[in-house]
Structure formats: structure tokens, C-alpha cells
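Presented below is the structure to which this report refers.
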Number of protein chains: 2
Amino acid sequence: MTLAGGRLRHTVAFTLRHQADSGEERLFLEAAARLAAIPGVEAFEILREVSPKNDYRFGISMEFADAAAYAGYNEHPDHIRFVAERWVPEVSEFLELDYAR
Amino acid sequence: MTLAGGRLRHTVAFTLRHQADSGEERLFLEAAARLAAIPGVEAFEILREVSPKNDYRFGISMEFADAAAYAGYNEHPDHIRFVAERWVPEVSEFLELDYAR
């Protein structure tokens with residue numbers, strides 16, 4: 001992976017309120033995976049966070065061609081609904097990190 | 001970018017004690033870029049952190065084929081020297097996040 005000039009990599013590390021390996025955890029991750037279908041989203045990944053140096057358990061990473069594509073994702077109704085209905089009630093801790101070259 | 005099974009993506013978000021856009025900042029980033037030459041390091045990137053939602057200003061991302069390659073990097077004398085001589089004195093805040101599939 002290398003991030004081309006002008007592109008943005010939006011990442012978030014997070015922990016769920018659900019028990020590890022529970023059905024609720026699986027359903028949340030399945031719902032999160034559907035964010036990949038929102039226009040503008042590229043290189044979408046759901047990852048496990050495995051460092052013993054922090055308490056986050058998952059990560060999501062995606063790339064956008066530019067700031068306009070990122071804004072389009074943020075404002076997309078499917079993203080807004082996901083944040084309200086799944087993210088806010090089910091995520092206990094998170095940190096967003098956005099990268100550019 | 002997609003992370004193949006078994007691979008690890010080691011990332012660190014950080015802030016320097018140096019003034020933004022200073023010569024000291026540039027020299028630190030140049031020294032950090034030389035970590036890419038350590039055996040086992042793949043997909044090495046130095047990035048700017050641009051989210052207004054946190055105070056980190058930079059990121060480094062690299063990938064390893066497996067845990068043994070990651071351990072080899074951690075224990076490599078060039079890495080140990082960089083941490084002692086540059087990272088500890090020049091970095092004010094950081095967070096490591098390591099991802100697997």
C-alpha cells in the first residue's frame with residue numbers, strides 16, 4: 001500500500017461494548033462492512049487490532065480520492081444511519097486517524 | 001491496499017516536540033524514513049495526520065509478512081538506535097496500532 005498524493009486514508013480504531021466473539025460483535029462487523037458500498041469508498045478494510053500496547057480491538061480503514069469524496073461519504077444517509085443506529089450505541093471507545101501524504 | 005492473511009500492519013501516530021515545518025522536524029522525518037531499509041519492512045509510509053479530531057501530526061505505517069518479520073524489525077540494531085536516539089527525545093506523544101486481518 002502507498003497513498004497517492006491528494007488521496008486520504010480514513011481510519012478508526014475501536015472497541016465494542018459486546019463480548020469478544022459474540023453474535024452481536026459479528027452482526028456489528030457485518031453492518032460495518034456494508035459501509036464499503038457507499039460511493040467514493042475505496043480500499044475498505046475491517047481489521048483486528050492486535051497490539052498489546054492499547055485496548056482497541058478492531059480497526060476500519062478506507063481511502064478516498066480527495067476531500068470531496070470523503071465529505072460525500074460522511075454526509076451519505078447510509079453512513080449517518082450507521083453512526084446513529086450502530087456506532088453510537090455499540091462502540092465503547094474509538095479514535096479516528098486520517099492520513100494524507 | 002488490502003492486508004493479506006497472516007500479514008501485520010504496524011502503525012504509529014505521533015507528534016514531535018519540534019515546531020511545525022522546522023528543520024528539526026524535517027531531519028527527524030528523514031531519519032524515520034531510513035527505517036524502511038531494515039530487513040522485513042514492506043509498504044513503508046510516512047504520512048501526515050490530518051484529522052481535526054485528534055492532536056497527532058504524523059503517522060508511520062509499515063507491513064510485515066508475519067510476526068517473525070515484525071520481531072526482527074523490533075530487535076534490529078538500527079531500529080533500537082532510532083528509538084533511543086531520535087524517538088524518545090523528539091516525540092512528545094504517540095500511539096501504536098497494529099492490524100491483522
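Using a simple charge model, +1 on the beta-carbon of Lys and Arg, -1 on the beta-carbon of Asp and Glu, nothing else, what dipole does chain B show about its Cα centre, in debye to the nearest 20?
Details: 11 positive and 17 negative charges, 36 e Å.
Charge dipole, chain B, about its Cα centre: 180 debye, nearest 20.
Let me know the shape class of the protein assembly as shown, please: from the alpha-carbon gyration tensor, a ≥ b ≥ c as square roots of the eigenvalues, rounded when a/c is under 1.5, otherwise prolate if a/b is greater than b/c, or oblate.
prolate
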At 7 Å along the Cα-to-beta-carbon direction for both residue A:33 and residue B:92, put a label point, then send me their distance in nm to one decimal. 4.2 nm
Mean residue ellipticity (222 nm) of the protein assembly as shown, computed from DSSP H runs ≥ 4 via -39,500 (n - 2.57), nearest 500: -7000 deg cm²/dmol
Could you report the accessible area of residue A:80 in Å², rounded to 10, computed with a 1.4 Å probe on the protein chains as they sit in the structure? 90 Å²
Degrees, to the nearest 10: B:23-33 long Cα axis against longest axis of chain B: 0 degrees
Rounded to the angstrom and largest first, Cα extents along the principal axes for chain A equal 39, 33, 17
Backbone N within the range B:29-65 under 19 Å of label point (7 Å from residue B:80 Cα along the Cβ vector): B:35-41
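Name the trypsin sites (Lys or Arg not before Pro) in the range A:23-74 that are in a loop by DSSP and that have at most 12 other C-beta atoms within 10 Å, would you?
Numbers: sites: A:26, A:34, A:48, A:53, A:57; in loops: A:53, A:57.
The qualifying sites are A:53.
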Charge sum, other residues only, whose C-beta stays under 13 Å from residue A:23's C-beta, Lys/Arg counted +1 and Asp/Glu -1: -4
Expressed in angstrom, Rg and Dmax over the Cα atoms of the range A:1-47 are 13.3, 40
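The values are calculated or read from the model by the stated rules, or taken from the named source; none is laboratory data. Here the structure is a predicted model, which is why all the values come from computation and not from measurement. Virtual Cβ from ideal backbone geometry, glycine too; neighbours counted across all protein chains shown. Protein only, heavy atoms only, side chains kept; ligands, DNA and RNA dropped before computing areas. Shrake-Rupley method; radii C 1.70, N 1.55, O 1.52, S 1.80 Å.
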